[in-house]
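Each remark here refers to the structure printed beneath this line.
The values are calculated or read from the model by the stated rules, or taken from the named source; none is laboratory data. Quantities reported herein were computed from a predicted structural model and do not represent experimental measurements. Don't worry about glycine lacking a Cβ; one is built from the backbone with ideal geometry, like all the others, and counts go over all protein chains shown. When the accessible area is computed, the model is the full protein with side chains, heavy atoms only, and any ligands, DNA or RNA have been set aside. Shrake-Rupley method; radii C 1.70, N 1.55, O 1.52, S 1.80 Å.
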Amino acid sequence: MKYETTTFDNDGRLAIEGEVRSNRKWWIIGIVAMVLAVGIAFWGFGHSAKPTAVAVKKDELPNVSVVVPGSKMVARVVSATGTLAARREMPVGVAGEGGMVTNVLVQPGQWVRAGQVLARVDRSVQSETAASLAAQINVARSDAAIAQSELKRAQSLVDRGFISKADLERKAATHDAALARVNVAQAALGEQRARNGRLDIRAPAAGLVLTRSVEPGQIVSSASGTLFRLAQGGDMEMRAALSEGDLAGLPVGVAASVTPVGGSQSFKGAVWQVSPVIDPTTRQGIARIALAYDPALRPGGFAAAQITSGGARAPQLPNSAIQSDAAGNYVYVLDGQDRVVRRQITLGGVSDEGVMVASGLNGTERVVLSAGAFLNPGQKVKPILKTAQG
């Protein structure tokens, strides 16, 4: 059986207290060492893992196709809409006194020559009048012949003293009056024949019949209005409505392509007249585009036109590169560190080759060709350079 002996130091404290302090000291040293070891391990792991993380991020950058568009001469194309019409439309009506139409000789779509009869008006009364005037000419000529004979007889008798000079002068005057009556009768007959000729409704020039608004049996007069409409020479045109800005830079003679609504065929033409005035309400003017005749060009129809007017040097991009939102049109370009940058642009003309950029680019930028909707400004990408088209 053991007995613990309790000893006291000079200060009267237990000797065991010294041993407890010694054990606590070693515990603190051990804990500090463990904390240092863990910190060193985490620091070493962080430095060794960082290059790996960067490498993975670099490999995961999205591939983006870009193009350097440069600048080239791009034609200015103006789009417009308008109506088709005859270039020179000729309304034809009654030129004479009119009457009942007896015959209509043409149909819409038919070609006619200058002076060709389009319709005839009854002339039975006018023909009888002409016959009466022709008979009056014969009467006047007979009177003139008698006056001529009497004048000759008087001239032979005056020298022999059987009649006076005064009687001779009266015979000469009678003869002259008879000749005048012949001329009057001939003029009256010519006038009546001219009137009768105007009863025929004729084409003023060669062309294409567009409309007909008269039928046999109809009573017509100079107040009846237009009975036929003709396109002189069959030439057509499109009357394109343009804004005053587009109209200002549009010279006569530039080429145009016209496509009627409902058809896929386009027709080549040229601007032959530019309106000298602007409508104060719509702020638009009319450019008249001359077109050759084609059955598909129907006057009164609606059509769209592409007018090529001059050109300018500017970048040109495909439609896939153009983005738009409430702020307007823009593209994404890459900076020197391959980061996406938004660039506002102003569009010019549109053609089969692409869209002209009127302002916002100088052509040296690397422009994102597609997938712009999936990118964000400031995002880093991996560019793949493509060759500019055109």
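So how long is each side of region 55-182 along the principal axes, counting just the alpha-carbon atoms, biggest first, in Å?
Result for region 55-182: principal-axis Cα extents of 149, 39, 18 Å.
Note the full-extension length gain between GLU97 and ALA206 as 0.36 nm times their separation in residues minus their Cα-Cα distance, in nm to one decimal. It would help to have the intermediate numbers written out before the result.
Details: separation 109, 0.36 × 109 = 39.24 nm, distance 2.43 nm.
Net length gain for the segment: 36.8 nm.
Give me the one-decimal nm value for the distance between modelled label points at SER264 and SER243, 7 Å along each residue's Cα-to-Cβ direction.
Taking the two extended label points, one gets 3.2 nm.
For a quick protection proxy, order the peptides 229-235, 167-173 by their average other-Cβ count within 10 Å, most packed first.
Numbers: 229-235: 19.1, 167-173: 14.9.
In decreasing order of mean packing, 229-235, 167-173 become 229-235, 167-173.
At a Förster distance of 45 Å, what's the computed FRET efficiency of ASP176 paired with SER124, Cβ-Cβ distance as r, to 0.05?
On the way: r = 37 Å, r/R0 = 0.83.
According to the calculation, E is roughly 0.75.
Within region 282-325, what residues put their amide N at less than 19 Å from the label point 7 Å along the Cα-to-Cβ vector of MET73?
307-317
So if I average 1/r over every pair of distinct C-alpha atoms in region 260-325 and take the inverse, what Kirkwood radius in Å does that give? Can you show the working numbers first?
Working: mean 1/r = 0.0645 Å⁻¹.
Every distinct Cα pair counted, the radius reaches 15.5 Å.
What ranking do 206-215, 274-283 get when scored by the average of other Cβ atoms within 10 Å per residue, highest first? Mind dumping the intermediate values first?
Details: 206-215: 17.3, 274-283: 11.0.
Those peptides, ordered most packed to least, come out 206-215, 274-283.
Taking R0 as 22 Å, what's the FRET efficiency between SER224 and GLN110 from their Cβ-Cβ distance, rounded to 0.05? Could the numbers behind the result be given before it?
Numbers: r = 21 Å, r/R0 = 0.96.
So the FRET efficiency works out to roughly 0.55.
On each of the three principal axes of the Cα atoms of region 110-205, give max minus min coordinate, whole Å, ordered largest first.
76, 25, 14
From the convex hull of the Cα coordinates of region 291-390, what is the mean projected area in square nanometres? Please report the intermediate quantities before stating the final value.
Values: hull surface 38.0 nm².
Projected area, direction-averaged: 9.5 nm².
Going highest first, how would you order 85-97, 142-154 by mean Cβ packing within 10 Å? Numbers along the way, then the final one.
Details: 85-97: 17.6, 142-154: 15.5.
Final packing ranking: 85-97, 142-154.
Mind listing the Cα extents of region 215-360 along all three principal axes, in Å, largest one first?
87, 34, 29
Does region 122-164 classify as rounded, prolate or oblate by the C-alpha gyration tensor (a ≥ b ≥ c root eigenvalues; a/c under 1.5 gives rounded; else a/b over b/c gives prolate, otherwise oblate)?
In terms of gyration-tensor shape, prolate.
State, to one decimal in nm, how far the label point of GLU215 lies from the label point of ARG313, with both points 7 Å from Cα in the Cβ direction.
Placing both labels 7 Å along Cα→Cβ, they lie 6.8 nm apart.
At 0.36 nm per residue, minus the direct Cα-Cα distance, what do ALA134 and ALA187 gain on full extension? Give it in nm, one decimal, please. All intermediate terms of the calculation are to be shown ahead of the outcome.
Details: separation 53, 0.36 × 53 = 19.08 nm, distance 1.02 nm.
Going from the current span to full extension adds 18.1 nm.
Report, in whole Å, the centroid distance computed from the Cα atoms of region 61-98 and region 300-350.
Taking the Cα centre of region 300-350 as reference, the centre of region 61-98 is 20 Å away.
For region 262-390, what is the accessible area per residue in Å², given a 1.4 Å probe and the full set of protein chains? Before the final figure, lay out the partial values.
Details: 7330 Å² over 129 residues.
I get 57 Å² per residue for region 262-390.
Let me cross-check LYS72: its accessible surface, 1.4 Å probe, with only protein heavy atoms counted, in Å² to the nearest 10?
60 Å²
Which whole-percent values make up P(r) of region 94-137 when all C-alpha to C-alpha distances are grouped in 10 Å steps starting at zero?
The distribution over region 94-137 is 22, 39, 27, 10, 2, given as percents.
If each Cα of region 140-273 is one equal point scatterer, what is log10 of I(q)/I(0) from the Debye formula at q = 0.14, 0.20 Å⁻¹?
-0.90, -1.16
Rounded to the nearest 0.05, what FRET efficiency is calculated for ALA326 and ASP294 with R0 set to 45 Å and r the Cβ-Cβ distance?
Numbers: r = 44 Å, r/R0 = 0.98.
Here the calculated transfer efficiency is 0.55.
What do you reckon, how do ILE28, ILE322, ILE286 stack up by accessible area (1.4 Å probe), largest on top? Walk me through the numbers before you get to the answer.
Values: ILE28 100, ILE322 35, ILE286 70 Å².
Descending order: ILE28, ILE286, ILE322.
Roughly what would the spin-label model give for ILE278 and THR81, points 7 Å off Cα along C-beta, in nm?
2.2 nm
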